[in-house]
Amino acid sequence: MVTATPARSMTEEADFLKINSIDHIHWWVGNAKQAMYYWWKGFGFQPVAYSGLETGNRQFASYVLESGKIRFVISAPYKPSSEMSAHQMLHGDGVKYVTLGVDDVEAAYRETTARGAVGVWTAREERDEYGVIRTSAIRTYGEVIHIFVDRSEYDGAFMPGYKPLELPHEPAGLAAVDHIVGNVELGKMNYWVNFYHQVMGFRQLLSFDDKDISTEYSALMSKVMQNGNGRVKLPINEPAEGKKKSQIEEYLDYYMTPGVQHIAMACKDILFTVRELKARGIEFLRVPESYYDVLPERLQNIHIKEDLEEIKELGILVDYDDEGYLLQIFSRPLQDRPTAFIEVIERHGSQGFGKGNFKALFEALELEQEKRGNL
Ligand code: FE2
């Protein structure tokens, strides 16, 4: 069942890690130039900065792209002997850094490592003529790292070593990161839930167990962790026992370790955004037609401002709770390995995660898994 944890108000003391924002998500990929093109042309991101051979960076090529408040960094190594190339060999394309904006990177490092985080680097500064960027970093699940960043005294394109890029772009309306989901190994969900609670001061917003989200084959358990001010939501999934291989196991089999499963991006007009993305070649999961046969009945007590015919045509999913409704859709995997994907979400009051869609969605996922020979 879905358990809404009583909304404990977080005291100043408990929220010791004051996160201002998700500053950026940094992908390590095999071909940054082509991945940049995908986010630029496919998802309507604006390329804003570049680092590479031309800027004196002889290790890797790196592009920074933005859409609304979302910032992605896409990097690929030039040579085979580097941590980045080893990462690529093991995982394929994936998220390496989830970077969180804070006021004091030294305090963020001190407070989290004192509570048990494994440090990656202590507070450091990088400077150029545009100012100073301060960072520190800790490990989280798999090979993912949380960087803490303070860019309050920096007004360059991204950070030292990057030059501005100005390319014309056509926005698709993706506005902000709603949540970032991590897949961890069987039996490890609660370990990482405790990590986010104890080490980073997050609290549990919701939990879903296998009764909510199992179909005949695929099952998972999930807990949604949220930081003190509610700006950062990081659900953690683990596989649950099913008849056949769960979607989380398939991810772990191809990513080889725990890692980021999906990034949900919020928008203000999902009909426009999904229409745009589809026109640009982005592929989404399609739930069975029967989902839409029963939708009007499911929604009879709630007013949906969007046209249901258009929702059906685009394959958008609808869910609601006491606070309102949400519209969401999930992409196919972003790379050849069936690993990371994205979600587009528009919230109208509901702070849920689409529980009412899980069954239809998982059945659609299983059809795809079957086609890949991974069920
Ligand atoms: Fe999601």
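The values are calculated or read from the model by the stated rules, or taken from the named source; none is laboratory data. On a predicted model such as this, the values are computed, not experimentally measured, just so you know. We place every Cβ from the backbone using ideal geometry, glycine too, and count neighbours over all the protein chains shown. Surface areas here come from the heavy atoms of the whole protein model, side chains and all, with no ligands, DNA or RNA. Shrake-Rupley method; radii C 1.70, N 1.55, O 1.52, S 1.80 Å.
Restricting attention to the stretch 224-244, the residues that are outside any loop (DSSP other than H, G, I, E, B) and away from the ligand (no atom under 16 Å from the Cβ) add up to 1.
Yes or no: the stretch 268-278 includes at least one residue that is out of contact with any Leu (no Cβ under 8 Å at 6 or more places or on another chain), buried (at least 20 other Cβ atoms within 10 Å of the Cβ), hydroxyl-bearing (Ser, Thr, Tyr) and modelled with pLDDT of 90 or more. Within the stretch 268-278, none of the residues are out of contact with any Leu (no Cβ under 8 Å at 6 or more places or on another chain), buried (at least 20 other Cβ atoms within 10 Å of the Cβ), hydroxyl-bearing (Ser, Thr, Tyr) and modelled with pLDDT of 90 or more.
Has the stretch 319-329 got any residue that is open to solvent by less than 30 Å² (accessible area, probe 1.4 Å), touching a residue at least 12 places away in the same chain (Cβ under 8 Å) and not in a strand (DSSP E or B)?
no
GLY201 satisfies every condition listed in (1) open to solvent by 30 Å² or more (accessible area, probe 1.4 Å); (2) assigned by TED's automatic domain parsing to the domain that holds TYR255; (3) in a loop (DSSP other than H, G, I, E, B) except (1). Please go through the stretch 279-315 and pick out each residue that is touching a helix residue (DSSP H, G or I) at 6+ places or on another chain (Cβ under 6 Å) and of a type in the set (Val, Ile, Thr). Once the filter is applied, which keeps residues that are touching a helix residue (DSSP H, G or I) at 6+ places or on another chain (Cβ under 6 Å) and of a type in the set (Val, Ile, Thr), the stretch 279-315 yields ILE282, VAL287. Which ones in the stretch 283-314 are crowded, with 18+ Cβ neighbours inside 10 Å and farther than 30 Å from TRP192 by Cβ? Scanning the stretch 283-314 gives TYR291, TYR292, ILE311, LEU314.
Is at least one residue of the stretch 185-205 under 18 Å from the mean Cα position of the chain (by Cα), more than 16 Å from the ligand (Cβ to nearest atom), on the phi > 0 side of the Ramachandran plot and modelled with pLDDT of 95 or more? No, the stretch 185-205 has no match at all.
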